[in-house]
1. Can you tell me which residue among PHE168, PHE139 is of a type in the set (Phe, Trp, Tyr) and farther than 24 Å from LEU37 by Cα?
2. Quick one: is VAL202 open to solvent by less than 30 Å² (accessible area, probe 1.4 Å) and in a helix (DSSP H, G or I)?
3. Suppose we keep only residues that are in contact with a Ser or Thr (Cβ under 9 Å, 6 or more places away or on another chain), small (Gly, Ala, Ser) and open to solvent by less than 10 Å² (accessible area, probe 1.4 Å) within segment 7-61. Which one would you say is modelled with the lowest pLDDT?
4. What residue, among those in segment 205-248 that are of a type in the set (S, T, N, Q) and outside any loop (DSSP other than H, G, I, E, B), is surrounded by the fewest Cβ atoms within 10 Å (Cβ to Cβ)?
5. Which of the residues belonging to segment 150-182 are open to solvent by 50 Å² or more (accessible area, probe 1.4 Å) and either of a type in the set (S, T, N, Q) or touching a Gly at 6+ places or on another chain (Cβ under 6 Å) (or both)?
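The values are calculated or read from the model by the stated rules, or taken from the named source; none is laboratory data. Keep in mind that what you see is a predicted model, and the values were worked out from it rather than measured. Virtual Cβ from ideal backbone geometry, glycine too; neighbours counted across all protein chains shown. Protein only, heavy atoms only, side chains kept; ligands, DNA and RNA dropped before computing areas. Shrake-Rupley method; radii C 1.70, N 1.55, O 1.52, S 1.80 Å.
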Amino acid sequence: VHGDRRISYRALDARARTLARVLLAQGVRRGEAVGLLADRGIEYAVGMLACMHAGAMYLPLAAELPDARIAFMLRDSGARLLLAQEGPLHQRAAHSAGGEGCRLIALTSTAADAGTCADAADAIDLPRIGVDDASHLLFTSGSTGDPKGVVSTHGALMNRVAWMLDTFPFAHDEVCCLITSTAFVRAVWEISVPLAAGCPLVVVDAETVTDLAAFARLLSAHRVTRIVTAPSLARALTELDDAPRLLA
């Protein structure tokens, strides 16, 4: 759920698989990085899953990062393809991709957009993914030197997801929310755990997170039962005058 938009698990999987076949038709190689430039939301989840379906590892390029940082990450990772959300971000991506020799692909791309007929794209088999295959590539902040790319595997990701589902079991009516920038590692399992649990995931825009009253109203409206956040934000939420009613 993002704003007034909703997508079912069936539709999310179908879109991700379609885009994965577009990536394969464009020559993506197993284990290589694919840039993903999108606001956190439905398109981001589609791109993330599409990269993994294609056997590639997704490289989160958070929208709030400066262009120079995005260009560095593309160059350092050796990414040849860049998935970008349409609109203003697509224009930024075109500049970064062109400068780093990447091919730009819209997150809404179809087989026709990729120059491949639909029948041929449907015939492309998605690869079998093993626990040792790379799932994503995240860069450190660079606060102690140059930023460094850290690769994580599907096995490591699933270990984390399995541990969280076992340690904090989900009830049938749970609702989660995503508030973390996709540039941070916490966003990986903030998205993956709800998807694995089969519960709704409500995406919260950055502007809403910084407006505590609006954030509390959103949590109440969607009946969010789980939130992963820093203690300082959790404390500020509970100290709101209307907190007993909104967060009950």
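1. When all the criteria are applied, what remains is PHE168.
2. Working: open to solvent by less than 30 Å² (accessible area, probe 1.4 Å): yes; in a helix (DSSP H, G or I): no.
Judged against the criteria, VAL202 is not a match.
3. ALA38
4. Result: SER232.
5. ASN159, THR167
So that you can scan it fast, the table gives a plain yes or no per residue for (1) within 18 Å of TYR9 (Cβ to Cβ); (2) in contact (Cβ under 8 Å) with a residue 60 or more places away in the chain:
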residue: LEU165; (1), (2): yes, no
residue: LEU178; (1), (2): yes, yes
residue: VAL209; (1), (2): no, no
residue: ALA230; (1), (2): no, no
residue: THR238; (1), (2): no, no
residue: ARG245; (1), (2): no, no
residue: ALA248; (1), (2): no, no
